[in-house]
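These notes are about the structure you will find just below.
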Amino acid sequence: MNGTALTVHQIARPYGFPTAEHFAFVESPLPEPAAGEALVENLYWSVDPYHREMMDEVPGGFPLHAPLEGRTLGRVVASRTPRLAEGEILFHRQGWRTHTVVTPEEVRRLPRFDGVPWTAYLSVLGGTGLTAYVGLTRIARLQEGEDLFVSAAAGGVGTATGRFARLLGAGRLVGSAGSAAKAGYLVREVGYDAAFDYHDGPVADLLGAVAPDGVDVFVDNVGGEQLAAAVRALREFGRIVRIGTISQYNTPDAPPPRFDYADIVEKSLRMEGFLVSNYRDLQEELYEFAVPHLQSGRLAPDETVVDGFEHIVDAFLGMLHGRNTGKIIVRERTEAPCGTGTRTPVS
């Protein structure tokens, strides 16, 4: 097969925030599928906060000078297996490259639902949405009328959590974000009752102002000071859903959160973390929950779509610096507009 492929390699370990110098675009001949394989041209790429964790020298982390991985949608352009038809759109995890060779065991076929854009399979119907759904239904076991606080509420998981919580009958919904504009977006567009910019003062004070009577559930994407403030604000039998620790990914020297550990006992609080990879059996349940709401318009994906694979590193770095609203997705330029979300250049 003639042509070339591009892959992104990590070439150095960052300390703190990564920069463009930690990556390299590598050109190679277009890969040839062997018997039982198919060549996929990638169309949509997900860049996620967990990629930053994997860049460090940790067990299971990204090796240097090798293609990075990530959630991706691609089209089969050449197949040597009857199990993968040319023209079929597939989900796989060999992202950060323009083309890849896959086997049937490495991919997932995507159901097509009327009115649902492809990008939704990387946002509210993908790992982002599944994280939010598992956090609310399996970890928090959210009950109708309960009040929530969500940190990093304007990110992919935070916006999905807010929209799902509304559909599940949550009570008062408050969130934190990294700017006044994002806080305003949460209230205007996502369905939060109140939101604050965590830069505006001590988080305990900011949270107390928007949730003076406390909350029942804290969905934590950040850790640090916001986790400490939430422990203080939680009511009796409150639950903390630990999803991520964004506040520490790029600040390895940051001190751990300080809170009154007696609160855990005296208020009978429960804190539980999880890996969404352990809940992939709930994918069909997520479709059953979310797709009718997407089709009716009650649920809208919050997406920042960046055009062009050459901008994937910029998109990733921009996400780490909070330059996106909702889930950030990179799209091949030749693809038709996704029909939803925002189209925002990330620099």
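The values are calculated or read from the model by the stated rules, or taken from the named source; none is laboratory data. Predicted model only: the values in this text are computed from it and were never measured. As a convention, Cβ positions derive from the backbone with ideal geometry for all residues, glycine included, and neighbour counts pool all protein chains shown.
Some points to look at:
- Scan of region 16-38 for residues that are charged (D, E, K, R) and crowded, with 16+ Cβ neighbours inside 10 Å, ordered by number: 37
- Residue match in region 151-163 (condition: surrounded by fewer than 24 Cβ atoms within 10 Å (Cβ to Cβ), in contact (Cβ under 8 Å) with a residue 12 or more places away in the chain and over 19 Å from residue 276 (Cβ atoms)): no
- Looking only at region 286-309, and only at residues there that are without any contact (Cβ under 8 Å) to a residue 60 or more places away in the chain and not in a loop (DSSP other than H, G, I, E, B), the one that is nearest to residue 324 (Cα to Cα): 304
- If the condition is being part of a loop (DSSP other than H, G, I, E, B) and in contact with a strand residue (DSSP E or B) (Cβ under 7 Å, 6 or more places away or on another chain), then region 260-276 contributes 267, 268, 269.
- Selection from region 51-75 of residues that are under 24 Å from residue 89 (Cβ atoms), surrounded by fewer than 19 Cβ atoms within 10 Å (Cβ to Cβ) and touching a helix residue (DSSP H, G or I) at 6+ places or on another chain (Cβ under 9 Å): 69
- Filter result (buried (at least 21 other Cβ atoms within 10 Å of the Cβ) and touching a residue at least 60 places away in the same chain (Cβ under 8 Å)) within region 164-185: 164, 182, 185
- Qualifying residue in region 292-310 (condition: surrounded by 20 or more Cβ atoms within 10 Å (Cβ to Cβ), on the phi > 0 side of the Ramachandran plot and modelled with pLDDT of 95 or more): no
- Annotation: of all residues in region 227-270 being within 17 Å of residue 137 (Cα to Cα) and surrounded by fewer than 17 Cβ atoms within 10 Å (Cβ to Cβ), the one that is farthest from the chain's Cα centre (by Cα) is 237.
- Scanning region 145-200 for residues that are assigned to a helix (DSSP H, G or I) and either of a type in the set (Lys, Arg) or assigned by TED's automatic domain parsing to the domain that holds residue 47 (or both) turns up 163, 166, 182, 188.
- Any hit, region 186-194, residues being surrounded by fewer than 24 Cβ atoms within 10 Å (Cβ to Cβ), farther than 18 Å from residue 320 by Cα, in contact (Cβ under 8 Å) with a residue 40 or more places away in the chain and not aromatic (Phe, Trp, Tyr): yes
- Among (1) in a strand (DSSP E or B); (2) free of Cβ contacts under 8 Å to residues at least 24 places away in the same chain; (3) not acidic (Asp, Glu), the one test that residue 219 misses: (2)
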